[in-house]
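Heads up: the structure comes next, in structure tokens.
Read-outs: derived from the displayed coordinates by stated rules, not from any lab. From a predicted model like this one, the values you see are computed outputs, not experimental measurements. Quick reminder, even Gly has a Cβ in these numbers, built from the backbone with ideal geometry, and neighbours come from all protein chains shown.
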């Protein structure tokens, strides 16, 4: 069962079986809009574990003002500060130029991507006390090139920049979340292999006007971008994710 979420000017329309139109309409700066379908209603409902896969066809109508995409994540933002948790995600993810998320060296800080974020806690936790000094060192370009690969490894971050024009053409996307890796396919071609997120995740498809700034240099921020025109994410032929009994390479 897929749950719908409509916030602000967000609207979800089921066109046919396995076909949905997610839309957000014009809205001023600071006002949040979200159109979403997911296989969970709340964090307690997260039930997917590797191995599992999803596939669908998708296209965008209008460039999203904030973020959009589909895949698996652990819904890390709770209602209370104490509910926050470290993100784990494997998804096809878009962020507009309002966002600045340069988490992978030699990849764009925003745009349309295949992306995985799967922190390696045994590496990540010991590095936390060094973060304040690390942020300063990362502001020196040569030190950033030398040191950030360690941070990137600790975050389990990997990305592939999908050509922007593919956003507006009906394209087939497939994601396989396996116990030891994740595999991302675009129109049948393997474009990225990354780490495997841990724990229970949920399946989500969304479009909103949220933006975020998170940089290795210690710059953080976020908010809700202006929506100047209607923008949509249209998906069809959705295969609702179910665990794979006998995962093999395709």
(Q) Once you keep just the Cα pairs under 8 angstrom separated by 6 or more residues, what percentage relative contact order results for the stretch 3-239? (A) 35
Q: Take the Cα gyration tensor of the stretch 92-213, multiply each eigenvalue by 5, square-root it, and list the three semi-axes largest first, rounded to whole angstrom.
A: 26, 18, 13
**Q.** Overall Cα dimensions of the chain - principal axes, largest extent first, Å
**A.** 52, 49, 38
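Which order do 182, 67, 5 fall in if you start with the one that has the fewest other Cβ atoms within 10 Å?
Details: 182 27, 67 22, 5 16.
Placing the least packed residue first, the sequence is 5, 67, 182.
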Q: Starting from the Kirkwood radius over alpha-carbon pairs of the stretch 1-79, derive D by Stokes-Einstein at 10 °C in a medium of 1.306 mPa s and give it in µm² s⁻¹.
A: 111
Q: Give the distance, in whole Å, between the Cα centre of the stretch 13-40 and the Cα centre of the stretch 83-109.
A: 20
(Q) Counting other beta carbons within 10 Å of each residue's own, what order do 166, 1, 146 fall into, fewest first? (A) 1, 146, 166
Q | Residues of the stretch 175-208 with amide N under 16 Å of a point placed 7 Å along Cα→Cβ from residue 86 | A | 195-201
Q: Give me the number: length gained by fully extending residue 140 to residue 19, i.e. 0.36 nm times residue separation minus the C-alpha to C-alpha distance, one decimal in nm.
A: 38.8 nm
